[in-house]
Structures are given as C-alpha cells and as structure tokens.
Amino acid sequence: MSEETSTATPAPQSAAGPMSLSSVVVHPLVLLSVVDHYNRVARDTRKRVVGVLLGSTHRGVVDVTNSFAVPFEEDLKNPSVWFLDHNYLENMFNMFRKVAAKERIVGFYSSGPKIKANDLKINELLGRFCKEPVFVIIDVRPNQEELPTTAYKAFEEVEQEGKEIKKTFKHLPSTVGALEAEEVGVEHLLRDINDPTVSTVASRIKSKIDGLSALKEKLTEMKAYLEAVLAGTLPVNQQIMYNLQSIFNLLPNLNVSSLVSAMMVKTNDMHVVIYLSSLIRSVVALHDLVQNRVEYNKEEGEGEEKKEEPKKEEKVMVKRKKEEEKK
C-alpha cells in the first residue's frame, strides 16, 4: 500500500458549465459486474472495491453500459494513504476499446456505501481520461430494498468570499435502464430466483412492505437533515428546501371529510377484492387436492383388482388339475 503522489490535473470544464450532466443511466450488466467484483475481492470485510465505468454521454445523460475492476487499496485508519493502479487502468481500457470502440471512460464506481475522502482524489485521477467523470456508488448489500445506485458529479464550490475554492460532490439523478437483450437476460434470471410457491397476494404485500420501509428511511433522513439545520450544524440548502416544500404540497388534505371518505371507500373496495381472490384461490386449491385424492384412491383400487384377477385364474387351473388327477 503506498500513497498516491501523481499530479493528476483537474477535469476541464465543458462548454455547458460544471453541471452540464443531468442524469446517469446504469445498465444491469454493470450492476452484476460490481457485485461479482465485490464478492471476489472484499466479501465479509470492511474494504470497498473501485472500478471504472464505460459508456457514452448524449445531451447530458451518461449511459453506463460496461465496467471493469481496478486494483485499489486504502488505509482505513489514514485516509491520505491509498493506491490505484492507473497503469492497469490504461491497459484494460485499451483492450476494451479494441472490442467496443464506441465505449469511453465516463467515470468510476465504488461499493461505498458512502462517500469517502479519497473519492475526490480518484475523481481527479480519472480526469486524465474524461472531461467530466461521474462517481456512482453501487450498494451491494443484499438487505437494501431501494435503488442500489447513487450518482455524483464533482464541482467547485465557494463557501464565502475571499476563501479558497474547494471541490465537492453534487448529487445527480440516477436510474437503471436496459436494452432489449439485457431485459431478456434479466427476465431469465428472475425466473430462476422467483419462488413459484409464493402467491401473488403475498408478493404484492411484500412489495408494499418494502416500499413503506424505503419511505420510512427517506422520512428519517429528511427529519435528521431538518434537525441539523435547526441546530446550526448544517447550512441551509435552498434546493433541498424547495424539494421538501414540493413534497408537502403534493400531500392530500386529510382535513376534508369527503376526501377521507373517498380514500377509505376505495381502499376497502381494493381489500375486499384481494380478500375474495385469496379465498377463491384457497377453495380451488382445496378442491383440486380432494379431487386428486379421489382419483388416486380410484386408480389404487383398480390396480388391486387387476392383481387379484391372476390369482383367481391360478386357483381355477389348480382345481381343474386336481379333478383330472382323480379321474
């Protein structure tokens, strides 16, 4: 493990400004590659893995279609000590370019799950290969139900006049997108993962529970941020306040009795349909079970009768032989 001393030049700004990138689209192949990288290198440890993202940029949208792992080490106690093999990075990118010439380096990924101090230095190092590298944290923890990707873009920030300019990460919207061939592959994987014994009602209820759990986590995060702003430990971000106000404005007014009654009627109607569907399914399954048992008993009885017929024929033959012997 050695300290990285390379003088990587910062990423040059594009003509559209430092925040010309608007969103990031991550393909399923990248997610699978990152999970495989983590399981091979850092499973059951506190370490994280780092790799390079390949793809293209069109009208501010970064389309991440491929990736490859990069040897990376860092000291957990001393954040200033880290190592990333950029020679390996260059050799791997040259080989990838021979296979897919359209793919370019668009940024780097980390298994996170949070931003660390070395990420800005890695971003500067990636500035040699692309103008505006994006940083995507891909959460590989299996117990997380929310979207596993979080994208960031480095930009320069001035806290107060007269102070030096410092770089920091700003959040970018991220989604998971797939081509038609990738969708077919994901569907085949899900067929092997899905449990056919679990009913659709149970899967729907589980999806609702997962969604409510994710909502609870987001609300807890919003509460922690607002409490930190009130305590003065964090500065007020007007963009975040604007988004919070937009969320609150979208909430229904539960003080109107007609709206509350309409929501309760609709909810009850949906629950009645779900209950009846589950009840009918149980009755049909029980009927099939009883019918299967009846058919099994019937076949078993016919089999015993067929076994008894040869025995009767043998007795008749033995009786005839005895009568012939007496004569």
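Data for the structure
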| quantity | calculated |
| --- | --- |
| Selection status of residue 45, in contact with a Cys (Cβ under 9 Å, 6 or more places away or on another chain), outside any helix (DSSP H, G or I) and among the polar types (S, T, N, Q) | no |
| Residues of region 43-67 that turn out to be under 24 Å from residue 78 (Cα atoms) and surrounded by fewer than 16 Cβ atoms within 10 Å (Cβ to Cβ), as a count | 5 |
| Tally, over region 110-135, of residues that are modelled with pLDDT under 90 and among the polar types (S, T, N, Q) | 1 |
| Any hit, region 124-133, residues being under 24 Å from the mean Cα position of the chain (by Cα) and within 24 Å of residue 39 (Cα to Cα) | no |
| Within region 235-277, considering residues that are within 25 Å of residue 204 (Cα to Cα) and part of a loop (DSSP other than H, G, I, E, B), the one least open to solvent (accessible area, probe 1.4 Å) | 252 |
| Criterion (of a type in the set (D, E, K, R), outside any strand (DSSP E or B) and touching a strand residue (DSSP E or B) at 6+ places or on another chain (Cβ under 7 Å)) met by exactly one of 116, 77, 102, 167 | 102 |
| Near pairs, Cβ below 8 angstrom, 6+ apart or cross-chain, from region 262-287 (of a type in the set (Gly, Ala, Ser)) to any residue that is at pLDDT below 90 and open to solvent by less than 90 Å² (accessible area, probe 1.4 Å) | 277/201; 278/199; 278/201 |
| Long-range neighbours under 7 Å by Cβ, at least six apart or interchain, first residue acidic (Asp, Glu) within region 207-226, second open to solvent by 60 Å² or more (accessible area, probe 1.4 Å) | 210/145 |
| Enumeration of residues in region 140-155 that are in contact with an Asp or Glu (Cβ under 8 Å, 6 or more places away or on another chain) and part of a loop (DSSP other than H, G, I, E, B) | 145, 146, 148 |
| All positions within region 68-100 that are of a type in the set (Phe, Trp, Tyr), closer than 24 Å to residue 26 by Cβ and surrounded by 19 or more Cβ atoms within 10 Å (Cβ to Cβ) | 72 |
| Residue under evaluation residue 107, criteria (1) at positive phi; (2) at pLDDT below 90, criterion not met | (2) |
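The values are calculated or read from the model by the stated rules, or taken from the named source; none is laboratory data. As the structure is a prediction and not an experimental result, all values here were calculated from the model. As a convention, Cβ positions derive from the backbone with ideal geometry for all residues, glycine included, and neighbour counts pool all protein chains shown. Surface areas here come from the heavy atoms of the whole protein model, side chains and all, with no ligands, DNA or RNA. Shrake-Rupley method; radii C 1.70, N 1.55, O 1.52, S 1.80 Å.
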